[in-house]
Amino acid sequence: MRRPFVAGNWKMNMTRQSSVELAEAIAAGLSSDIDVAVCPPSVYLDAVSKSLAGSQVGIGAQNIYHEASGAFTGEISAEMILDLGCRYVILGHSERRNVLSESNADVNQKLKTALAAGLVPIVCLGELLEQREAGETLQVIQEQFDGSFEAITAEQMRSCVIAYEPVWAIGTGKVATPDQAEEVHADIRRIMTERFDSETADAVRIQYGGSVKPDNATELMSQPNIDGALVGGASLKADSFLAIISASQQTQTT
Ligand code: PEP
């Protein structure tokens, strides 16, 4: 059985103080034993990491660069985020793909670097609205999967988490229906079975992301192939993030 995993992507929000307060409120309010992480802006990783020391809440970065060190102004390496206490890193978020022009090949390089460093990558896949309307969703997901996971072994794949995040649902309030999400999640598992084997496909957790809120989390998390959530807006408030975590925990026990 896959252990649910809920992660909060704080994007480019918060201040140092509000980051620490939010992290502390989440740690204090947590009563579930599923996996939980927060991904603050990189400049606040250190402060959040210190405030979460000894808690059950893991920490992730929102990005890394694929090189280990050197003349790469503004970039952050895998070792640097490990040094700050990170266990996770989000890779290929749609904002990085679509706003910052990150390609599948870029994601693949970063993925290999993250895995070599011992980080748990959360690799995001998701189609644009026009691609969904043109009936291209599954093809887009297959292409993103093939490019992002190129030359990754089954063993490495089992160390990864995938987040299916339809771009049209991110930050828009337009959530995918449970059936729409489940269809893509099941297809990602089919892709992993064909590329690797059914044990690998069964082991990898696939989060759903895109306007997950306390009032839609239970239905989404009840789908057989949805193993948690990557949460943007609703992770910026402890109450809503904790409510999503408890919805994910309950679907595991019902
Ligand atoms: C995200 O940033 O990954 C996300 C899913 O955002 P939101 O929950 O705000 O749609």
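The values are calculated or read from the model by the stated rules, or taken from the named source; none is laboratory data. Predicted model only: the values in this text are computed from it and were never measured. Glycine also receives a Cβ, built like all others from the backbone with ideal geometry; neighbour counts cover every protein chain displayed. With ligands, DNA and RNA removed, areas are computed over all heavy atoms of the protein, side chains included. Shrake-Rupley method; radii C 1.70, N 1.55, O 1.52, S 1.80 Å.
Suppose a student asked you for the relative contact order of the chain, using Cα pairs under 8 Å spaced at least 6 residues apart; what percent would you report? Provide the component values of the computation, followed by the final result.
On the way: 483 pairs, mean separation 55.0, N = 254.
It rounds to 22 percent for the chain.
Just how many pairs of Lys in the chain have C-alpha atoms closer than 21 Å, counting pairs that are eight or more places apart or on different chains?
9
Using helices alone, what [θ] at 222 nm do you get for the chain, with -39,500 (n - 2.57) per DSSP H run of 4 or more residues, divided over all residues and rounded to the nearest 500?
Values: 12 runs with 115 residues, N = 254.
For the chain, the value works out to -13000 deg cm²/dmol.
Check residue 228: other-chain or 5+ apart residues with amide H under 5 Å from its amide H, H built from backbone geometry?
5, 208
Could you calculate the contour length gain from residue 129 to residue 194, that is, 0.36 nm times the residue separation minus the distance between their Cα atoms, to one decimal place in nm? Let's see the in-between values first.
Details: separation 65, 0.36 × 65 = 23.40 nm, distance 2.68 nm.
Length gained between residue 129 and residue 194: 20.7 nm.
Which whole-number value in Å² is the accessible area per residue of the chain, probe 1.4 Å? List each step's numbers first, then the result.
Numbers: 10970 Å² over 254 residues.
It amounts to 43 Å² per residue over the chain.
How much of the accessible area of the chain, probe 1.4 Å, is carbon plus sulfur, in whole percent? Mind showing how you got there, number by number?
Working: 5360 of 10970 Å².
With neighbouring chains kept in place, the figure for the chain is 49 percent.
Mind checking the full-extension length gain between residue 87 and residue 239? Use 0.36 nm per residue of separation minus the Cα-Cα distance, one decimal, nm. Each step should come with its number before you reach the end.
Details: separation 152, 0.36 × 152 = 54.72 nm, distance 2.38 nm.
Taking residue 87 through residue 239 to full extension adds about 52.3 nm, to one decimal.
Under a 1.4 angstrom probe, counting protein chains only, how are 237, 213 ranked by accessible area, largest first? The partial results should precede the final answer.
Details: 237 140, 213 75 Å².
My answer, sorted largest first, is 237, 213.
For a protection proxy built on the mean count of beta-carbon atoms within 10 angstrom, sort 161-169, 202-210 highest first, please.
Working: 161-169: 24.7, 202-210: 22.6.
Per-residue mean Cβ counts within 10 Å order the peptides as 161-169, 202-210.
Would you mind checking which residues have amide H under 5 Å from residue 205's amide H? H placed 1.01 Å from N; only 5 or more apart, or other chain.
Under 5 Å from the amide H of residue 205 lie the amide H atoms of 162, each far enough along the sequence or on another chain.
Once phi is turned into ³J(HN,Hα) by the Karplus curve 6.51 cos²θ - 1.76 cosθ + 1.60 with θ = phi - 60°, what whole-Hz value does each residue of the range 167-176 show in order, with x for glycine and proline?
These are the phi-based 3J(HN,Hα) values: 4, 5, 9, 7, x, 9, x, 9, 7, 5 Hz.
What is the distance in Å between the Cα centres of the range 73-123 and the range 205-242?
Between the Cα centres of the range 73-123 and the range 205-242 lies a distance of 22 Å.
What nm distance separates the two modelled labels at residue 158 and residue 15, each placed 7 Å from Cα along Cα→Cβ?
The two pseudo-label positions are separated by 4.7 nm.
Please list, in chain and number order, the residues 5+ apart from residue 65 or on another chain whose amide H is under 5 Å from its amide H, with Hs placed from the backbone.
76, 77, 78
Expected output is a single nm value to one decimal: the length gained when fully extending between residue 28 and residue 72, i.e. 0.36 nm times separation in residues minus the C-alpha distance. What is it?
Values: separation 44, 0.36 × 44 = 15.84 nm, distance 3.81 nm.
That pair, residue 28 and residue 72, stretches by 12.0 nm at full extension.
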